[in-house]
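Participant: One structure follows; several queries about it will come next.
The values are calculated or read from the model by the stated rules, or taken from the named source; none is laboratory data. Since we're looking at a predicted model, the values are computed, not measured. Note: ideal-geometry Cβ built from the backbone for every residue, glycine included; neighbour counts use all protein chains shown. We work out accessible area using only protein heavy atoms, side chains counted, and drop any ligands, DNA or RNA first. Shrake-Rupley method; radii C 1.70, N 1.55, O 1.52, S 1.80 Å.
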Amino acid sequence: MYCSKRELIRRDPKGLYERASRGEIANLAGFNSPFEDPLTPDIVIENDSDLPDLVPLVDQVLTVVTGLN
(Lines give C-alpha, C1' and ligand atoms only; values in the text may rest on other atoms or scores of the structure.)
Protein backbone atom coordinates (compact mmCIF):
# COMPACT_ATOMS: atom_id res chain seq x y z
CA MET A 1 0.00 0.00 0.00
CA TYR A 2 1.42 3.35 -0.98
CA CYS A 3 0.15 6.71 0.21
CA SER A 4 2.18 9.92 0.24
CA LYS A 5 2.98 11.65 3.50
CA ARG A 6 0.98 14.68 2.36
CA GLU A 7 -2.10 12.50 1.80
CA LEU A 8 -1.65 10.69 5.14
CA ILE A 9 -1.58 14.07 6.89
CA ARG A 10 -4.69 15.22 5.01
CA ARG A 11 -6.62 12.06 5.99
CA ASP A 12 -5.46 11.89 9.62
CA PRO A 13 -8.64 12.19 11.75
CA LYS A 14 -6.76 12.04 15.06
CA GLY A 15 -4.17 14.68 14.20
CA LEU A 16 -1.27 12.31 14.92
CA TYR A 17 0.92 13.65 12.10
CA GLU A 18 0.36 17.24 13.21
CA ARG A 19 1.29 16.28 16.76
CA ALA A 20 4.38 14.43 15.52
CA SER A 21 5.46 17.50 13.54
CA ARG A 22 5.33 19.49 16.80
CA GLY A 23 7.48 16.85 18.54
CA GLU A 24 4.64 15.58 20.75
CA ILE A 25 4.75 12.04 19.29
CA ALA A 26 7.91 10.09 18.64
CA ASN A 27 8.24 7.06 16.40
CA LEU A 28 5.22 7.62 14.16
CA ALA A 29 5.70 5.21 11.26
CA GLY A 30 6.46 6.95 8.01
CA PHE A 31 6.89 10.34 9.65
CA ASN A 32 9.62 10.47 12.27
CA SER A 33 10.30 6.75 12.42
CA PRO A 34 11.90 5.05 9.44
CA PHE A 35 9.82 2.86 7.21
CA GLU A 36 11.52 0.79 4.55
CA ASP A 37 9.54 -0.16 1.48
CA PRO A 38 9.89 -3.82 0.54
CA LEU A 39 12.50 -4.37 -2.18
CA THR A 40 10.36 -6.73 -4.25
CA PRO A 41 6.69 -6.46 -3.29
CA ASP A 42 4.19 -8.79 -4.94
CA ILE A 43 1.80 -5.88 -5.35
CA VAL A 44 1.75 -2.12 -4.81
CA ILE A 45 -1.59 -0.42 -4.27
CA GLU A 46 -1.55 3.29 -5.05
CA ASN A 47 -3.83 4.78 -2.42
CA ASP A 48 -2.91 8.42 -2.83
CA SER A 49 -6.30 9.83 -3.79
CA ASP A 50 -9.95 9.56 -2.92
CA LEU A 51 -11.13 6.93 -5.36
CA PRO A 52 -14.87 6.81 -5.86
CA ASP A 53 -14.54 3.34 -7.39
CA LEU A 54 -12.54 0.68 -5.57
CA VAL A 55 -13.10 -1.96 -8.26
CA PRO A 56 -9.71 -1.35 -9.96
CA LEU A 57 -7.89 -1.81 -6.64
CA VAL A 58 -9.84 -4.95 -5.80
CA ASP A 59 -9.16 -6.35 -9.28
CA GLN A 60 -5.45 -5.66 -8.82
CA VAL A 61 -5.38 -7.52 -5.48
CA LEU A 62 -7.41 -10.46 -6.77
CA THR A 63 -5.17 -10.83 -9.82
CA VAL A 64 -2.11 -11.19 -7.60
CA VAL A 65 -3.77 -13.36 -4.95
CA THR A 66 -5.29 -15.80 -7.43
CA GLY A 67 -1.94 -16.14 -9.18
CA LEU A 68 -0.07 -17.14 -6.00
CA ASN A 69 -1.48 -20.69 -5.76
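Participant: Please name all residue pairs, on different chains or six or more residues apart, with Cβ atoms under 7 Å, provided the first residue is in the stretch 29-49 and is closer than 16 Å to ARG10 by Cα and the second residue is aliphatic (A, V, I, L, M) and open to solvent by 60 Å² or more (accessible area, probe 1.4 Å).
Facilitator: ASN47/MET1
Participant: Among the residues of the stretch 28-47, write down those that are open to solvent by 70 Å² or more (accessible area, probe 1.4 Å) and modelled with pLDDT of 85 or more.
Facilitator: PRO38, LEU39, THR40
Participant: Can you tell me which residue among ILE43, ILE25 is touching a Lys or Arg at 6+ places or on another chain (Cβ under 8 Å) and among the aliphatic types (A, V, I, L, M)?
Facilitator: Within the list ILE43, ILE25, the selection yields ILE25.
Participant: If you don't mind, another one. Within the stretch 1-27, how many residues are at pLDDT below 90, open to solvent by less than 30 Å² (accessible area, probe 1.4 Å) and not charged (D, E, K, R)?
Facilitator: The number of residues fulfilling the criteria is 2.
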